[in-house]
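Quick notes on the structure that follows.
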Amino acid sequence: MKSLDIRKKFFDFFIRSGHEKIESSSLIPAQDPTLLFTNAGMNQFKDVFLAKEIRNYKRAVSIQKCMRAGGKHNDLDNVGFTKRHLTFFEMMGNFSFGDYFKKEAIELAWLFITKELEINKDKLHVTVFESDDESYDLWLKNIGVPREKIHRLGASDNFWQMGDIGPCGPCTEIYIDQGYGTGCSSKNCSPGCSCDRFLEFWNLVFMQYNKQPDGTLDKLKQTGVDTGMGLERICAIMQNVESVYQIDLFLPIVKKIEDLSGLRYSEQEERIKAAFHVLADHIRASSFLIADGCSPSNEGRGYVLRKIIRRAALFEKKLTEKSIFPKLSESVVESMSDIYPELKTNARLIKDVLKSEVEKFAINLIRGATILEKYFEENKSSKIINGEQAFRLYDTYGFPIEVVHILSNEKGFTVDAEAFELEMQKQKERSGKKVVNQEIDLDDSIKTEFIGYSDMSCLSEIQAIIHNDMLVNVLKNGQEGWIITKKTPFFVETGGQVSDKGYIKIGNQVLDVLGLKKINKAIGIKVKTSVDIRVGDGIFSEVEKSVRLNTMKNHTATHLLQSALINIFGKQIKQSGSVVNPDYLRFDFTFGRNLTGDEIKQAEEIVNEKIMENIPVAVYQTTYKDALQKGVIAIFGEKYNPENVRVIDILPFSAELCGGTHVNRTGDIGCFKIIEVGALSAGSRRIVAVTGPKAIELFQTDFTIVKNLSQEFKVKTEEVVESILKQKSQLKNLQDINSKLKAQLWRSQVPGWLEKLEIIKDLPFLFLSINDFGVSELKDIVYDLQKNKPGFYFVVSNLEDKSVFVTSLAKQYSNKINLKDFSSWLTKENNLVGGGSDTQIQGGGPLVDTSLQHKIKKWFESV
């Protein structure tokens with residue numbers, strides 16, 4: 001049975017059973033810092049299980065894109081070496097939110113696999129959580145599974161949680177026995193063994209708890225069901241193949257690897273087959289991640305993507321010397337874009353990012369491998385790469401620890417991973433990364449109504465006060481804390497738009513708003529009091545209008561900019577981040593190359609054209625599904641309520657889901673100017689722009705500068721650039737002439753300088769002070785001096801308001817003088833800072849006088 005047939009059967013079965021079909025969410029969890037990637041079908045329903053969100057359905061079915069390559073669920077190290085582990089996979093799941101529970105979940109699962117898929121029930125085993133008697137009895141008495149095929153296992157096998165905190169509960173898993181000989185040699189092998197004999201393919205989780213940061217389990221307000229069946233594993237069962245890499249989903253990729261490498265998969269030994277597996281899995285993982293807006297970087301999700309690509313690049317070398325990994329994305333796009341159209345939309349971006357990342361790593365691999373060989377030689381007695389060495393390879397050459405493990409294992413070495421993690425922690429501490437304190441958990445009855453879309457001020461009542469992370473009734477005079485009102489005009493930072501500025505008034509006391517934040521369903525206002533404030537007090541809140549209005553101009557302009565870029569480049573443009581504040585807007589987007597000057601100008605012209613058209617900005621509420629069907633853009637990384645989303649509609653040019661504040665008409669923006677365009681990574685670009693008053697200020701400043709230059713050069717304003725370039729060329733010619741004359745001058749003085757050489761401790765010594773020479777010229781001078789007479793030369797030049805120097809020591813004298821010690825002495829005693837090698841250092845500092853010669857000579861004589 002092909003994968004497409006299995007997909008259809010699954011959806012049809014559960015839709016008949018009253019489940020709502022839900023599309024897969026992004027691999028990047030929407031505003032969920034507890035997860036690196038979407039790792040299960042239930043991720044997009046997390047708030048529904050927590051009863052923080054209500055949907056118009058109580059049953060759902062989905063096939064979810066998943067990644068398990070970081071965080072709590074991480075299968076990266078296993079990929080390639082087992083028959084079942086993948087980093088990217090698709091999870092088939094059915095869900096219940098306060099509707100059915102254990103009995104119905106078990107019955108539905110059994111009915112689907114034994115009736116719809118017609119899997120032989122005699123081959124099936126089930127596991128239950130060790131203390132879950134209810135599930136055990138359901139399998140035994142209701143379903144009729146023999147007692148010897150029901151296994152009680154502990155929390156590591158049968159208690160599931162999506163992350164370190166969040167919804168969790170006991171689970172029951174369904175296994176298929178693939179027969180003695182397919183796993184370990186023990187005849188007593190059973191589910192829970194790490195071998196391949198018993199393949200777990202469906203996990204039914206009974207959501208009962210919400211795990212807290214301290215490890216405690218709070219009961220959920222309603223129970224739920226979350227099931228997950230790996231599509232790839234069930235395909236392997238239905239297609240009667242030994243490995244997930246042999247199913248129809250992987251065949252096009254394996255065929256592409258064969259064509260590009262010239263190797264036949266079926267003819268290879270296991271070591272080479274493992275390389276096929278790694279490339280096949282990693283090309284799916286990286287292609288889907290890039291399509292969903294992830295870019296390689298040195299931290300977080302981007303670093304995991306980088307690890308995956310670099311691990312693939314390393315295994316690629318086992319198959320061919322050619323770079324084939326980026327080309328494999330073609331087969332992923334071709335075979336899966338009918339189901340996931342974002343692959344086709346981003347096909348060019350995917351290949352460009354992969355090509356750039358593989359090329360970067362190829363350079364680092366050569367450099368780092370040389371260092372690693374040195375470590376192998378140094379540590380040949382211990383056969384261990386220590387933490388400091390592994391960290392240096394990571395920090396300097398971009399070697400993920402997984403790559404170091406692979407290369408070390410091939411040489412019979414191990415890596416001290418624990419010491420490596422300690423080095424990583426030290427780096428985090430040095431970079432000043434802070435631990436975020438847990439927020440106070442407010443009761444759901446405490447909520448704030450935001451009225452800021454229509455009003456910039458209001459009267460309201462204080463319903464809660466927080467001081468030192470505790471709820472209090474009074475915030476006393478002089479104390480700092482958070483007050484929560486029933487209504488507020490203040491916008492709290494979200495979706496890239498910064499928080500408002502403003503003030504509150506209590507009686508005759510006016511207090512500045514020091515900060516704003518969301519606390520559960522409420523909005524906290526940070527103040528430092530000059531009077532006692534009590535719960536129940538009435539306060540007046542007002543937004544600083546100029547700040548809000550300018551922010552609104554920038555926010556609406558951001559929407560226009562995104563649509564302009566989509567018009568120019570197509571739907572591959574996807575917002576990957578933004579900042580909207582009163583002074584400027586910053587828009588990050590997925591794109592695989594730099595923008596040309598003409599393209600930047602074109603984007604500017606389109607946005608300003610829409611501003612001049614003075615289009616009304618309409619706002620309306622609808623469902624998420626309806627909005628997407630109408631072509632409304634949903635922003636990457638944002639979390640939306642499926643039942644109620646807010647659309648900012650600038651017909652017919654732009655329509656986006658957005659919770660921010662916007663102008664009433666595009667003409668209110670005034671004007672738009674791009675001031676900066678740059679690259680964030682291989683697949684991501686950034687545009688910075690200004691609007692309204694800031695744009696006018698920029699135009700006025702630039703006009704004044706150009707006008708003054710035109711008067712100075714006595715040319716028309718449109719000729720200013722040409723005049724500057726002409727003068728720049730003339731200046732360079734004069735500098736070249738000056739350099740040649742100076743070179744002739746100093747070369748003529750070399751014989752005289754050499755005559756001043758002194759012999760100190762059997763070593764030729766010369767201190768030389770000359771003015772108006774740069775470092776590069778000083779290096780030429782000492783090179784010429786050393787060529788004529790090897791020795792110790794210190795040449796210093798006062799250049800405007802500073803000095804520069806070069807110290808050179810002939811190699812044959814390096815055992816007599818330590819230039820690093822000399823450099824330290826220069827810094828400590830003379831404020832001259834420099835660095836370099838054992839034979840030459842260069843640097844500079846404040847202006848020097850003739851006393852320096854005496855000091856250096858004295859130091860020289862003392863060593």
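The values are calculated or read from the model by the stated rules, or taken from the named source; none is laboratory data. These numbers were taken from a predicted model, which means no experiment stands behind them. Note that each Cβ is placed from the backbone with ideal geometry, even for glycine, and that neighbours are counted across all protein chains shown. What goes into the accessible areas is simple: the full protein's heavy atoms, side chains included, and nothing from ligands, DNA or RNA. Shrake-Rupley method; radii C 1.70, N 1.55, O 1.52, S 1.80 Å.
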Scanning the range 210-251 for residues that are basic (K, R) and assigned to a strand (DSSP E or B), the one surrounded by the fewest Cβ atoms within 10 Å (Cβ to Cβ) turns out to be K219
Requested in this report: Return yes when I350 is touching a residue at least 12 places away in the same chain (Cβ under 8 Å), open to solvent by 60 Å² or more (accessible area, probe 1.4 Å) and aliphatic (A, V, I, L, M) and no when it is not.
Outcome: no
The residue that is surrounded by the most Cβ atoms within 10 Å (Cβ to Cβ), considering only those in the range 535-575 that are basic (K, R) and closer than 12 Å to I633 by Cβ, is K574
Looking across the range 580-621 at residues that are small (G, A, S) and within 30 Å of the chain's Cα centre (by Cα), the single one that is nearest to L651 (Cα to Cα) is A603
| said: Based on this model, can you work out whether L471 counts as touching a His at 6+ places or on another chain (Cβ under 8 Å), of a type outside the set (V, I, T) and farther than 17 Å from V547 by Cβ? | reply: no
- [ ] Return yes when I648 is more than 18 Å from Y584 (Cβ to Cβ) and of a type in the set (V, I, T) and no when it is not.
- [x] yes
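Residue-by-condition table, conditions (1) closer than 19 Å to K756 by Cβ; (2) touching a strand residue (DSSP E or B) at 6+ places or on another chain (Cβ under 8 Å):
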site	(1), (2)
G774	no, yes
L785	yes, yes
N788	yes, no
G791	yes, yes
S797	yes, yes
A810	yes, yes
S824	no, no
Conditions (1) of a type in the set (S, T, Y); (2) under 30 Å from G166 (Cα atoms); (3) open to solvent by less than 40 Å² (accessible area, probe 1.4 Å) -> Y265 fails only (2)
Going through the range 567-602 in order, the residues found to be without any contact (Cβ under 8 Å) to a residue 40 or more places away in the chain and either under 27 Å from P296 (Cα atoms) or among the hydrophobic types (A, V, I, L, M, F, W, C) (or both) are N567, I568, F569, I573, T596, G597, E599
Filtering the range 746-779 down to residues that are closer than 17 Å to N798 by Cα, without any contact (Cβ under 8 Å) to a residue 60 or more places away in the chain, part of a helix (DSSP H, G or I) and open to solvent by 60 Å² or more (accessible area, probe 1.4 Å) yields S776
Considering residues that are closer than 21 Å to T320 by Cα and assigned to a loop (DSSP other than H, G, I, E, B), the number found within the range 265-299 is 2
Scan the range 596-610 and tell me whether some residue there is surrounded by fewer than 14 Cβ atoms within 10 Å (Cβ to Cβ) and polar (S, T, N, Q). yes
>> Criterion first (more than 25 Å from I28 (Cβ to Cβ), out of contact with any Cys (no Cβ under 7 Å at 6 or more places or on another chain), modelled with pLDDT under 95 and open to solvent by 40 Å² or more (accessible area, probe 1.4 Å)) does D532 satisfy it?
In response: yes
Within the range 698-719, the residues that are within 38 Å of the chain's Cα centre (by Cα), acidic (D, E) and surrounded by 12 or more Cβ atoms within 10 Å (Cβ to Cβ) are none
The range 300-382: helices (runs of 4 or more DSSP H) wholly inside it with 3 or more residues that are closer than 18 Å to I257 by Cα, modelled with pLDDT of 90 or more and out of contact with any Cys (no Cβ under 6 Å at 6 or more places or on another chain) are 300-316, 325-336, 347-378
Please verify whether the range 365-379 includes one or more residues that are of a type outside the set (G, A, S), at positive phi and open to solvent by 70 Å² or more (accessible area, probe 1.4 Å). no
Looking across the range 14-39 at residues that are at pLDDT below 90, hydrophobic (A, V, I, L, M, F, W, C) and open to solvent by less than 30 Å² (accessible area, probe 1.4 Å), the single one that is farthest from K211 (Cα to Cα) is I28
Considering residues that are aliphatic (A, V, I, L, M), under 17 Å from L766 (Cβ atoms), touching a strand residue (DSSP E or B) at 6+ places or on another chain (Cβ under 6 Å) and part of a loop (DSSP other than H, G, I, E, B), the number found within the range 836-863 is 1
When you check I324 against the structure, is it under 19 Å from V403 (Cα atoms), in contact with a Ser or Thr (Cβ under 6 Å, 6 or more places away or on another chain) and open to solvent by less than 10 Å² (accessible area, probe 1.4 Å), yes or no?
no
Residues that are closer than 15 Å to T556 by Cα and touching a Leu at 6+ places or on another chain (Cβ under 8 Å): does the range 623-630 have at least one? no
All conditions in (1) in contact with a strand residue (DSSP E or B) (Cβ under 7 Å, 6 or more places away or on another chain); (2) at pLDDT 85 or above are true of H405 except (2)
Here the qualifying pairs (Cβ atoms under 6 Å; residues six or more apart or on different chains; first in the range 436-463 and aliphatic (A, V, I, L, M); second at pLDDT below 95 and loosely packed, with under 15 Cβ neighbours inside 10 Å) come out as I440/D469
Scanning the range 49-70 for residues that are outside any strand (DSSP E or B) and crowded, with 23+ Cβ neighbours inside 10 Å, the one farthest from the chain's Cα centre (by Cα) turns out to be F49
Of the candidates T850, T827, the one satisfying the condition of being free of Cβ contacts under 8 Å to residues at least 60 places away in the same chain, open to solvent by 20 Å² or more (accessible area, probe 1.4 Å) and not acidic (D, E) is T827
Of the residues in the range 784-824, those that are open to solvent by 80 Å² or more (accessible area, probe 1.4 Å) and in a strand (DSSP E or B) number 1
